[in-house]
1. Residues in region B:130-169 that are more than 22 Å from B:Ser92 (Cα to Cα) and either in contact with a strand residue (DSSP E or B) (Cβ under 8 Å, 6 or more places away or on another chain) or more than 7 Å from every other protein chain (Cβ to nearest Cβ) (or both): how many?
2. Taking into account only those residues within region A:177-186 that are in a helix (DSSP H, G or I) and surrounded by fewer than 18 Cβ atoms within 10 Å (Cβ to Cβ), which is farthest from the other protein chains (Cβ to nearest Cβ)?
3. Only residues that are more than 11 Å from C:Asp327 (Cβ to Cβ) and either touching a residue at least 12 places away in the same chain (Cβ under 8 Å) or acidic (Asp, Glu) (or both): list them for region C:228-241, please.
4. Within region A:22-42, track down each residue that is within 16 Å of B:Pro136 (Cβ to Cβ), in contact (Cβ under 8 Å) with a residue 12 or more places away in the chain and among the β-branched types (Val, Ile, Thr).
5. If you scan region C:68-86, which residues turn out to be under 18 Å from A:Ala253 (Cβ atoms) and out of contact with any Lys or Arg (no Cβ under 8 Å at 6 or more places or on another chain)?
6. So which of B:Val264, B:Val256, B:Val274, B:Val205 ends up being in contact (Cβ under 8 Å) with a residue 24 or more places away in the chain and under 21 Å from B:Ala51 (Cα atoms)?
7. Which ones in region B:211-228 are in contact (Cβ under 8 Å) with a residue 24 or more places away in the chain and of a type in the set (S, T, N, Q)?
8. Kindly establish whether A:Ala80 is under 27 Å from A:Gln250 (Cβ atoms) and assigned to a helix (DSSP H, G or I).
Amino acid sequence: MTARSAVRVPGALAVPPVAFLAVFAAYPLVYVIGLAFTDSTLARPLQRWTGFDNFRTALESQSFTGSLWRSVLFAVLAAAVQLVLGTALALLLRARARRPGLLGTLLLLPLVTPPVMVGVAWKLLLAPVGGALGGVLHALGLPGVNPLGSATGAFVTLVVIDSWQWTPFVMLLVYAALLGVPDDLREAAALDGAGRWRTVRSVVLPYIEPTLLSVVLLKLVIGFKVFDIVYVVTAGGPGFSTTTSTYDIQRTALQEFDVGGAAAATVLFSLLIGLVTSLVAVRRKRHEEVAV
Amino acid sequence: MTTLEATGETVAHETAVRSPARPAARRRTTGLTALLAVIALLAAVPVLYVASLSVRSRDDVLNGGLLPSRLFWRNWPDAFRAVDLGHYIANSWAVAAGSVVLTLLVAVPGAYFTARAGRRGARLATLVLSSYCAPPVVAVLPLFYLLRNLELNNTVAGLALVDGLANVPVAIWLLDGFVRQVPKEIEEAAWLDGLGTWASLRRVVLPLISPGVAAAALICFFLSYNEFLFALSFAQDSTAQTLPVLLSLFQGDKNVEFGQQAVVSLIGVAPVYVLAVAAQRRLVAGLSSGALK
Amino acid sequence: MSPSSPLSRRTLLRASAGAAALTAAGPLLTACGGSASAALDPTAKPDLDGVTLKILANQPNALSFEYLRRPFEEATGAKLKVTPVPYDKLTAKAVLDVQSGAGQFDVFMYWYAAVGTLAEGGVIEDLTAYIKAHKDIEESDFLPSLYDTYTRYDGKRWGLPYDGDTHILFYNTEIFERHKVEAPRTWDEYNDIAAKITKDARGRYYGTIIEAQQVPVILGCDFANRLAGYGGSFLDASDAPTLDTPEAIAAAQVLFDAAPHALPTPLQIGFDQALPAFLDGKGAMLDFWTDFAKRAQDPKQSKVVDKWAVTTLPVGGDNTEPRTSLDAGFGLAVSTASKQKEAAAAFVKWATAARQNLLVLAQPDAGADPVRTSTLNSAAFRKNSPGSYEVVRTGLAGDPLPWPTVPKAPELLQTLVDELALGLQGKQSAKTALANTQRAWAKELKGASG
């Protein structure tokens, strides 16, 4: 170990995270797997062994299989939109000053706002009758819209709301990373005659790439877990057009009380998230190897 | 984007004489400020809309406009009369603050390990992130037993514990990137200077990643402050219930009091906005004292 | 510098993991033992003085307990601590409280459709013996139209009715006069009126408001109201589904046909938008719970004061007898995890008595409805609900449609609204939607009995 680097990493540092994993991951995981293979209701978990029945039911359920695809689409779309917007905002903010200042804080507000209220505010804004958006469009002489009334509209609306809330998250992290970019690196690029945009692209962004990849990965997972705004704004509708897996699982567990089915769905869904995020993780690893 | 290139020159100039030949840079800064201000204003529309809702009577909520038809202040005293707001806010703060402390205690050493311990670190990182992938709904049951056994059910401490643990993966993954940005040479130099591993961790690495720690703390604070599912499940009554639960109670009513709900949201969110300002200052201060040059 | 040796490092790791696993496994083991609280003694005479009873309440009705608090304390010396939860969390919260062993509550207010789920899950106490032992409960006075539905499962009684919710049809008399239409008697007339008004009003307001969010207590009501009107049912006497009947298909069809003429767009409309729309005069009709009458007449929230009326829900098909549906509706039950079950039962008995029912009926914001024949027929209730009395009475005194109360009911109802939502979205016909539902229900119910 020490041959590769002069710096030793004490194993004791791993104790807190491993303890965390045991309490918060391993134990619930064992329990969830137990639920997934048994006939379990919320009131009477682990009644009898049912083999793969719950998995079969989940995979046969239209609402669940459809939700898997929608979750992937939502997470990827939201992460992409937010990465672009968040990074752009961070670059603008950094270009303006070394301090985020009041402006930076104002831009942060959406992230701090409770999702329940976010959902309510957006829903009222978009209400087809009496909503503020309709009113504004009307005042401009434009026809009214009802984004939540159509399948695509509702889905896009959720991506917009999620981006409204989470772009500041990406912005904050990228901004913090930008502050860590050594000035002489930029100066060197500038001396080499690189233009502004080229400096950003070929020096600044590569420098903060570990942070960017971390953020994308995290945002993907957070996007997969989207629940509150679906719950408040669309309740999964119209039809199933915004029923994401977390919403479907929550419904199965806490509205239908079929905890066994929900557990099986959780296992399947987690495998899917693992698959998608590992694609990003691989790139992250490659980056790491190059860097070392 | 603009000053990225300009920084080098400006620094040189400004340290010498304040050159009168820099109006272009100043104009650029002003332009950026204006652009960002417009974006910030647009981003603030939903929040301002909530403020506008807070002074609307019930029949004015869906009036088809961004502004109230007439000001209706009654929601404010009514909201205070309807609920013990201070109590919920105090709970929310205690839960969020407690959870952040716990999260950082686990995540700071954890992130150092994941970033620096080679393959073992990568393996741990994968495990930690995987643990974050599962939607938490189904884990509610086992966590319930855990809290009951610790006798922390329906307490602020119990909620802080669960939220704090829930945010560990987020924090580790945020910090991991920051640790990776710390050049290994700096650590090696410190090590060669005779600083022990722990000392160099504390005196060299920690200051360098402090903006990251601040950012992670800030984000975990917000996540806990707004967390809903655990708060709803593990706080049986008002003893430990937090603000989002209170907000959901408004929404759960057949007669939604949008105005009062808006009041509660604004009051609940105001102190957090203040925190956001203060924390951002620290974030910058932590960085400028760092030795990343 | 003291770098730990690889050995001690590994030992440390293993030790910490082991310790964590133990803390986690401990509760798992104890949890499997289940909660062992002493059974309810039906004849005990509990001393209520100084006792605090914790009640889990449905949020829209939570205020009703505020009116009961003082009288109860005066009568017994016992205090009430009420915890409101949103209606869609009520059952889950009760189940989790008992299942996890938290045992924070003594009394559960429950949605009657969940009575099977709660009884089967060991969440609520069997009150059969208690009710038999307390003649002053006056069982015969509970409305026959809801008493069994609200409280019976598996031949036993699990609670007492507290709030007898039904839907009635509200309409805007001003709009009706303007468009020269009369209150609909059939669902077909209802659709015609909705279509006519919506067309003529050109977006200024709409012929009807249909709230059809994809949750049982919203979209389920739309269907149930029509199913009731057509004389249909959810389950037959032997608990087999009856959703492929002509009545059920007609009910779904008439709902789908109405959607294009309703405030846009039904699938996204919940209480929060439907009620303001009606109170604002943006919609001409709305089927809703009876207590909405008090809001419609409150000038502080309503622009349609004295411009509305109510009528019984329309009928359809061969049925000509007005019939309502038991949409929502709540009972009170004793938690199996309560440590003071006798006191809890005493409160349930007291709170569901005629006198207390009348007391909450008199409060406009308590969200209360009659559960007893004597209170439904009382002069006081008639006086308190001038606009809606006859209509409410017709519904509750008649033969209203009960929703399923079998243990699988929550799952069944979700399946139903899922299929209906796809139909409303135009993705499948009424016939397909109900055929799918019928099949799913039959499978679930067979699985449950097997």
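1. 0
2. Restricting to residues being in a helix (DSSP H, G or I) and surrounded by fewer than 18 Cβ atoms within 10 Å (Cβ to Cβ), the top hit is A:Leu185.
3. Hits for region C:228-241 are C:Gly229, C:Tyr230, C:Gly231, C:Gly232, C:Ser233, C:Phe234, C:Leu235, C:Asp236, C:Asp239, C:Ala240, C:Pro241.
4. The initial filter retains those residues of region A:22-42 that are within 16 Å of B:Pro136 (Cβ to Cβ), namely A:23-33, A:35-36, A:42.
Applying the additional criterion that residues be in contact (Cβ under 8 Å) with a residue 12 or more places away in the chain yields A:32-33, A:35-36, A:42.
Of everything in region A:22-42, those that are within 16 Å of B:Pro136 (Cβ to Cβ), in contact (Cβ under 8 Å) with a residue 12 or more places away in the chain and among the β-branched types (Val, Ile, Thr) turn out to be A:Val32, A:Ile33.
5. C:Pro86
6. Matching residue, one of B:Val264, B:Val256, B:Val274, B:Val205: B:Val264.
7. If we filter region B:211-228 for residues that are in contact (Cβ under 8 Å) with a residue 24 or more places away in the chain, which is where we start, we get B:211-225, B:227.
Across region B:211-228, the qualifying residue is only B:Ser224.
8. On the way: under 27 Å from A:Gln250 (Cβ atoms): yes; assigned to a helix (DSSP H, G or I): yes.
It is true that A:Ala80 is under 27 Å from A:Gln250 (Cβ atoms) and assigned to a helix (DSSP H, G or I).
The values are calculated or read from the model by the stated rules, or taken from the named source; none is laboratory data. All values reported here derive from a predicted model rather than from experimental measurement. For neighbour counting, all protein chains shown are included, and Cβ atoms are generated from backbone atoms with ideal geometry for every residue, glycine included.
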